[in-house]
Protein chains: 2
Amino acid sequence: MRIGELGDTAGVALPTIKYYLREGLLPPGHRTSRNQAQYDDDHLRRLRLIRALIEVGGLPVAKVHDVLAAIDEPGLPVHKMLGAVSKGLCTPAEATHDPARTDARRQVEELIERHGWQVSDKTAEIDIVASVITRLAELGHPGFVTVLDAYFEACQRIAEADVDYVARLGKLEDVLEGVVLGTVFGEAALAAIRRLAHQSTSAKRFGPA
Amino acid sequence: MRIGELGDTAGVALPTIKYYLREGLLPPGHRTSRNQAQYDDDHLRRLRLIRALIEVGGLPVAKVHDVLAAIDEPGLPVHKMLGAVSKGLCTPAEATHDPARTDARRQVEELIERHGWQVSDKTAEIDIVASVITRLAELGHPGFVTVLDAYFEACQRIAEADVDYVARLGKLEDVLEGVVLGTVFGEAALAAIRRLAHQSTSAKRFGPA
């Protein structure tokens, strides 16, 4: 298909597609003449993935670039590639040498150990959780960390369902795309479902009988 | 304390504090002369809450305004006030009359019913989840909805822990602040913990023995 049809099918404006081509997010079409190129279903699929990462995932273009690069890199072992994708998606916590943060980090490491998780101690998410604990303690909620055991249990359940789902996709390329989509979209869905659960739980406890 | 000390204690620059005062996020200090005012621990606490919502929650100033207004409004029944806070925190899904979206919405309503949740059908989060289902189907993942049962179960567990925590805070004002903090920070923590769980689960399944 021509670039116009690609845009119409994906619902993306022409200047936007040209921008993605210039930024290298979308691979170039197959040239048919000096100023014409053809695009196929792989382009369409990639274009939809880019839109999803930006619109639903709220990722900046540079992050989209990193994530796509991780999907496209051949020859990495699966769990390394999954790690690279996850790293591309993650916003690192503010760096600090605050003793309260060091203490909070130890609490997260204890949670990881208690739940028997196998996680590299270089994972940025450990610091993100530690940063949440520290901020909440500063705001007068040192006890929030006691809730996190429930979060760990719940996430164990979620991760098993997620990994089952992507493992069933079979082809490595599909698995990786599934991981990206599942991370970004799953996060949006999870946050919304947690709020629905809050609404339901507090309606049952505090609402009119 | 004077405004300078307030800023130093909270780690917030003076022009930023003045901006929050102008925008009505932070209530004015107690005037002691024509151009001096005193601030107390309530100001400090509120200032830290504002910073947290902006920095960790990534909320724009207008949203922070709505959320604080919900906390400050007296006389609303608790579950209504919780709803208002949650609404202030929520980014609505794109509006659409797409039949696929209507179908996805029905799937979410079925999930809510199957799990026995008590949720208003006007809740914006229903459309957010429906929008995720629709986008994933467009991207070749119509089966993702099957994973959502696990998300509902997990969120039930999380919401109970969250509501237990805030209910223990006792004073209504503290409960509401707890809900805001728990929603925003809990979401950040949950997303990070889910990624840790992914890493662990895929390391166990796909990693070197």
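Worth pointing out:
- Among the residues of the stretch B:74-102, those that are modelled with pLDDT of 75 or more and either within 12 Å of chain A (Cβ to nearest Cβ) or loosely packed, with under 14 Cβ neighbours inside 10 Å (or both) comprise B:His97, B:Asp98, B:Pro99, B:Thr102.
- Filter result (β-branched (Val, Ile, Thr), more than 8 Å from chain B (Cβ to nearest Cβ) and over 17 Å from the mean Cα position of the chain (by Cα)) within the stretch A:145-181: A:Val145
- Subset of the stretch B:149-176 that is of a type outside the set (Val, Ile, Thr) and touching a residue at least 40 places away in the same chain (Cβ under 8 Å) - its residue that is nearest to A:Leu169 (Cα to Cα): B:Phe152
- One residue from B:Ala167, B:Ala154 being touching a Lys or Arg at 6+ places or on another chain (Cβ under 8 Å), closer than 29 Å to A:Gly140 by Cα and surrounded by fewer than 16 Cβ atoms within 10 Å (Cβ to Cβ): B:Ala167
- Among the criteria (1) more than 7 Å from chain A (Cβ to nearest Cβ); (2) under 14 Å from A:Gln199 (Cβ atoms); (3) among the hydrophobic types (A, V, I, L, M, F, W, C), the one B:Trp117 does not fulfil is (1).
- Any hit, the stretch A:29-46, residues being under 19 Å from B:His141 (Cβ atoms), surrounded by fewer than 15 Cβ atoms within 10 Å (Cβ to Cβ) and not basic (Lys, Arg): yes
- For B:Ala130: the one exception among (1) exposed (fewer than 15 other Cβ atoms within 10 Å of the Cβ); (2) more than 18 Å from A:Thr183 (Cβ to Cβ); (3) not aromatic (Phe, Trp, Tyr): (1)
- B:Pro60 without any contact (Cβ under 8 Å) to a residue 12 or more places away in the chain, surrounded by fewer than 20 Cβ atoms within 10 Å (Cβ to Cβ) and either touching a strand residue (DSSP E or B) at 6+ places or on another chain (Cβ under 8 Å) or on the phi > 0 side of the Ramachandran plot (or both): no
- Residue within the stretch A:138-150 that is farther than 18 Å from B:Ile158 by Cβ, surrounded by 14 or more Cβ atoms within 10 Å (Cβ to Cβ) and either among the β-branched types (Val, Ile, Thr) or outside the structural domain of A:Arg194 (by TED's automatic domain parsing) (or both) present: no
The values are calculated or read from the model by the stated rules, or taken from the named source; none is laboratory data. This structure is a prediction, so every number in the text was calculated from the model and none was measured. Quick reminder, even Gly has a Cβ in these numbers, built from the backbone with ideal geometry, and neighbours come from all protein chains shown.
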